[in-house]
1. Using the Cα centre as the reference, give the magnitude of the dipole from point charges on the C-beta atoms of the chain (Lys, Arg: +1; Asp, Glu: -1; all else neutral), rounded to the nearest 20 debye.
2. In degrees, nearest 10, range 0 to 90: what is the angle between the Cα axis of helix 53-63 and the longest Cα principal axis of the chain?
3. Just subtract the alpha-carbon distance of residue 173 and residue 49 from 0.36 nm times their residue separation and send over the number in nm, one decimal.
4. How large is the charge dipole for the stretch 28-179, taken about the Cα centre, if only the Cβ atoms of Lys, Arg (+1) and Asp, Glu (-1) carry charge, to the nearest 20 debye?
5. Which FRET efficiency, nearest 0.05, do residue 165 and residue 4 yield, Cβ-Cβ r, R0 22 Å?
6. May I ask for the angle, rounded to the nearest 10°, between helix 256-275 and the longest principal axis of the chain, with both axes built from Cα atoms and the value confined to 0 to 90°?
7. How high is the relative contact order of the stretch 139-276, in percent, counting Cα pairs under 8 Å that sit 6 or more residues apart?
8. What's the ranking of 161-172, 298-309, 130-141, 234-245 by average number of surrounding C-beta atoms within 10 Å, highest first?
Amino acid sequence: MIIDLFNIMIGMLILIIGVLIGVAFLTLLERKVLGYIQIRKGPNKVGFMGLLQPFSDAIKLFTKEQMYLNYSNYMSYYFSPIVSFILSLMVWLLIPYYFNMVSFNLGLLFFLCCTSMGVYSIMVAGWSSNSNYSLLGGLRAVAQTISYEVSLSLILMSCIIMIMDFNLLKFSYYQSLIWFVFLMMPLGMCWLVSSLAETNRTPFDFAEGESELVSGFNVEYSSGGFALIFLAEYSSILFMSLMFSLMFLGGYNLNLFFYLKMVFISFIFIWVRGTLPRYRYDKLMYLCWKMYLPISLNFLMLFIGLKIYLI
């Protein structure tokens, strides 16, 4: 029993280290792709073709001096990036490995709980800095994330009704003949756009609207705190790519093709950032409440009807 627990702990540690390395190279991929979109090189000095750039960035950020704000609510200001980072790593325990890991029978509920908790860390980070800009950024982020969580949950419910289980492993059984992206193409696209909004990515990055809010909710963070917020954002991008691959692109298989699909979805996140301008805030809310919510509700009713008819 103790050996099993020890194995699980070691497995989780390896998983977290793997996620952190993945995040490091995702930032490098983003800077390279954005560089080529803007017809320039991107980072190419540190190491061979800039491969060591993420590590030099990490060393630079974590060795910088930490600022202590006189007027901040210090404890919440200090701990909110740490909580955000821990939450974004906790979700990764959901990966339905066939060995050595925790098997979640109610994995999708755990996913919803963790993504909902992520809102609080952004809100507290924005509020506790005691800066008007960061407070505005935090408020925007909370409104946006909560709005898009509604449509995410409804799309997730359609998928749950298709497989009638909360376990992520079941997705691979039900997609052995046809991927869900073909059966629910509009829902898949809605999920992709909602996950862009959920992770505060361009064109929905109002929480960090550089042009109008300096840098949004993280304006008062530097060095380690900023690095942790950055890591949390990118690991949630990777996780959303993983969820899209699991739910719509054939489920979890322990092979290279699965990870290539996941990297391709992450690439789409970057591609969108390099291509599209930022939305207007009221248009963002309009898109969620007047388009995605009715679409996901209607599809949910359709799949419930299909399920009842087929049973």
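1. 680 debye
2. On a 0 to 90 degree scale, this one is about 60.
3. Result: 40.6 nm gained on full extension.
4. Roughly 580 debye, rounded to the nearest 20.
5. E between residue 165 and residue 4, to the nearest 0.05, is 0.35.
6. That works out to roughly 50 degrees.
7. Computed value for the stretch 139-276: 31 percent relative contact order.
8. Highest-to-lowest ranking by the protection proxy: 234-245, 130-141, 161-172, 298-309.
Bear in mind these aren't lab numbers, they're just calculated from the coordinates by the rules spelled out. From a predicted model like this one, the values you see are computed outputs, not experimental measurements. Counting neighbours? That spans all protein chains shown, and the Cβs are built from the backbone with ideal geometry, glycine included.
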